[in-house]
Amino acid sequence: MAKTRRGPNIRDLIEEILREVMPLIADRFAAVGQPHPDSPLAQVFLADGDEVVLDYLDHNEAGIAFDHLLYMIDAVDIPITPDTYGRICQTGELLGLDAERSQRVNPGLDPIKSVVELHRAIEGSYSFSFKRLTGVRKSSIHQGPFCGDVLHWRPVSEGQEIFRAILGLEHAEQMRCHMPTYSIEFHSPTKPCVEVAPCFECNNARTRIGNSFGWFSFDGASPSAERLLAELKSIEATASGA
């Protein structure tokens, strides 16, 4: 009988995050000495925050332990690596939490500004979700969330045509409008969430990695772009029962 491969559990992930976070917090305290009363470092349970987190874990309060860990990172405003950000997102997913709670921690990632950078960011993704964008915010190429309704989710193994079409997009000159209809979100247990919203009328694709927003230009009339648009329309038709 084949053995089932066991993935990381919540405690393992939180302890790995602590191993990166605590030295950074200690460095902040060492740099300032005694924190000013108005300093974020003057808040309670930061310098010894690992003890608090582990105590919650010992008492089977993983959700509270995770919340305190996020509080520590927010309060001290420490830079974390993309790998640790991925572990934070994975922990939140295992706890069944809203993704926004995990994604409020920003690892300071560089925005995606080309198809090549997008390729690197989504490599190793295990699933896609597809969203039809709604509201006036979809017109902004520079800031704000990708607002819309999720139409469909599928594993990468069932979405190779989407994957190939995106990676085959060709560069073109930027045009002025940006009113995308759809966005595609890529999920990975070890990387920040990546989202791209291509506008096939203006040759612009808006991107998000973690909380960092960017954009790149592509040829909306190219064969790869036409295949991508056709696939997105097909998904919408299937989701709506048309």
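Data table
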{"item": "Alpha-carbon Rg/Rh ratio, for the stretch 10-103, with Rh computed the Kirkwood way", "result": "0.96"}
{"item": "The stretch 169-215-the stretch 22-50 distance, computed between alpha-carbon centres (Å)", "result": "38"}
{"item": "GluC sites (Glu not before Pro) lying in DSSP loop within the stretch 1-90, provided at most 14 other Cβ fall within 10 Å", "result": "E61"}
{"item": "Between the stretch 148-162 and the stretch 113-129, the Cα center-to-center distance that results, in Å", "result": "13"}
{"item": "Dipole axis of the chain (+1 Lys, Arg; -1 Asp, Glu on Cβ), positive-most option in Y85, P40, A225", "result": "A225"}
{"item": "Exposed-loop-free span, longest in the chain, where chymotrypsin sites (Phe, Trp or Tyr not before Pro) count as exposed if DSSP calls them loop and at most 14 other C-beta atoms lie within 10 Å", "result": "127-242"}
{"item": "Cα gyration tensor category, rounded, prolate or oblate, for the chain with a/c compared to 1.5", "result": "prolate"}
{"item": "Cα gyration tensor, the stretch 115-240 - rounded (a/c under 1.5), prolate or oblate", "result": "rounded"}
{"item": "Proximal lysine pairs, the chain, alpha carbons under 30 Å, eight or more residues apart or interchain", "result": "10"}
{"item": "Stretch gain in nm, segment Y126-E201, where the contour uses 0.36 nm per residue and the Cα spacing is subtracted", "result": "24.1 nm"}
{"item": "Paramagnetic label zone (point 7 Å from Cα along Cα-to-C-beta, F29; backbone N under 18 Å) in the stretch 56-75", "result": "56, 68-75"}
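Every number in this text was worked out from the coordinates using simple rules, so none of it is lab data. In this text the structure is predicted, and so the values were computed from the model without any measurement. Methodologically, a virtual Cβ is constructed for each residue, glycine included, from the backbone with ideal geometry; neighbour enumeration extends over all protein chains shown.
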